[in-house]
Amino acid sequence: MTDAHRTDARTPDARTPDARTPDAHGTDAHGTDAHGTDAHRTDAHRTDAGMIDAGMMDANKADATVTRNFVVWIVLTVLCLIYMWFFPAQQTIPYHVAWAVFILAYASSPWSTRRALIGLVCFWVATAVIMVSRVVQGFVEWEEIVELPLMDGIMLLVVWHIRERQRTLARLQAAANLVRARSASRERLTRLTSHEMRTPLTIARGQIELLLTDEPDPSRREDLEVVLDELDRLGRASDRLIRALDVQGEQDIEHLDLDAILHETARRWSAVADRQWVVDPAGGKVWSSAERLRACLDTLVENALRYTGPGDRIRLHGTIAPSIVTIGVSDSGTGFAHGRLEEIAAGAPESRADPLAQTGLGLGIVRMYAESQGGQLTIGHSPRDGGAEVLLHLPGERSRYAGGYAGGGREATRRRDDVPS
């Protein structure tokens, strides 16, 4: 093989990112996962058991609330009936108060339909006896009796409407539980996939390094170094697949310190990549998923490593505004080829115009996250550092309450010069 090939195989340069990639927890990309398959299964069983216990506790609390509301309505209804009996001239007020309390209590925590119908019939009979006796005594006219069946009919409609609402909410809750269960299953699959892919890669890499140590033949050493380089590329590809699975999972949105995330990312990568790491603080917090945001930053940093060499500068920066949060990674490397900018903006999976480009899956991960948040991804050249710059735009505080970032949508990846300032 030529000397150029030998150099590429042995040392990480602009064409080959550094061999080891730290994940969001600071571990090596080719290191064995901290938890084995059995541990993941045990965690899954514990999670399911915890969900069952929590569900039973919630059901018990709901039953206690229903019983309490029903008892409160019964007590207030009895008091209203007593008031109606002893104060015939003022019976209209307690009569309607009893109905109002029924609506509030039943709408808050509906009890069974049978119990509701029995309660309505008993109250209707009691009020009918009182009002008929008042008509006989001459306190009210017979026309007032018409209100009894009308109010009962209205209450029956209220009961029907609330029961329909509860059934609809139950269906929505079941759908949400199904989505949550699928998300948990996807997360377990991601962890298992990470373990199953990293373990053989780590073993294979260790064997190759061992063979390199004892191999005196330069030609065979060169071949082994090529295999080692391909294993590194396969490891990085597996990391991107795992990130893609992770980004699509359920997101735990938190109020994150963006500066802390940027500094932590730079610190992790500085241990494995010989670059000049610069962090421009954003000076604020952002609503996002910590794991998803770290995965996106790792992807953007890995992309910058591909276009830079030892000693080049990589800058992590962010700006926070009321309506938009911008998180970016720029570098002083060669930058994107012009044709590559067009391909990324069009969402092309791979590039023939840029010799440094690989599958395009990395920026696709960031694009998926941007779309899920109602944001967008912009690419271009860095005016400060001279190389490539990739910016992730997310909705700010104001946009979160207004329904998301107005720039999001189908065209979630655009060239930087196409995005209005």
>> What FRET efficiency comes out for residue 209 versus residue 270 if R0 is 22 angstrom and r is the Cβ-Cβ distance? Round to the nearest 0.05.
In response: 0.40
>> Can you compute log10 of I(q)/I(0) for segment 46-182 with the Debye formula, treating each Cα as one identical point scatterer, at q = 0.09 Å⁻¹?
In response: -0.38
> If packing is taken as the mean number of other Cβ atoms within 10 Å per residue, what is the order of 138-150, 307-319, highest first?
Replying inline: 307-319, 138-150
> Which Cα, out of 137, 170, 93, lies furthest along the positive dipole direction of segment 46-182 (beta carbon charges, K/R +1, D/E -1)?
Replying inline: 170
> HN-Hα J couplings of segment 216-232 from phi, Karplus 6.51/-1.76/1.60, θ = phi - 60°, integer Hz, Gly and Pro as x?
Replying inline: x, 6, x, 5, 5, 4, 5, 5, 5, 5, 5, 4, 4, 5, 5, 5, 5
> How large is the dipole of segment 46-182 about the Cα centre if only Lys and Arg carry +1 and Asp and Glu carry -1, each at its Cβ, rounded to the nearest 20 debye?
Replying inline: 740 debye
>> Using the basic label-point model (7 angstrom from Cα toward the beta carbon), what is the residue 143 to residue 86 distance in nanometres?
In response: 3.2 nm
> Relative to the present Cα-Cα distance, how much length would full extension add between residue 132 and residue 372 at 0.36 nm per residue of separation?
Replying inline: 80.0 nm
>> Using 5 Å bins from zero, what percent of all Cα-Cα pairs in segment 134-173 falls into each bin?
In response: 6, 20, 13, 13, 11, 9, 9, 7, 5, 4, 1
> Ratio of segment 188-237's C-alpha Rg to 2.2 N^0.38 Å, to two decimals?
Replying inline: 1.35
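Read the figures in this text as sums done on the coordinates, not as results from a lab. Just so it is clear, the structure is predicted and the values come from calculations on it, not from any experiment. Glycine also receives a Cβ, built like all others from the backbone with ideal geometry; neighbour counts cover every protein chain displayed.
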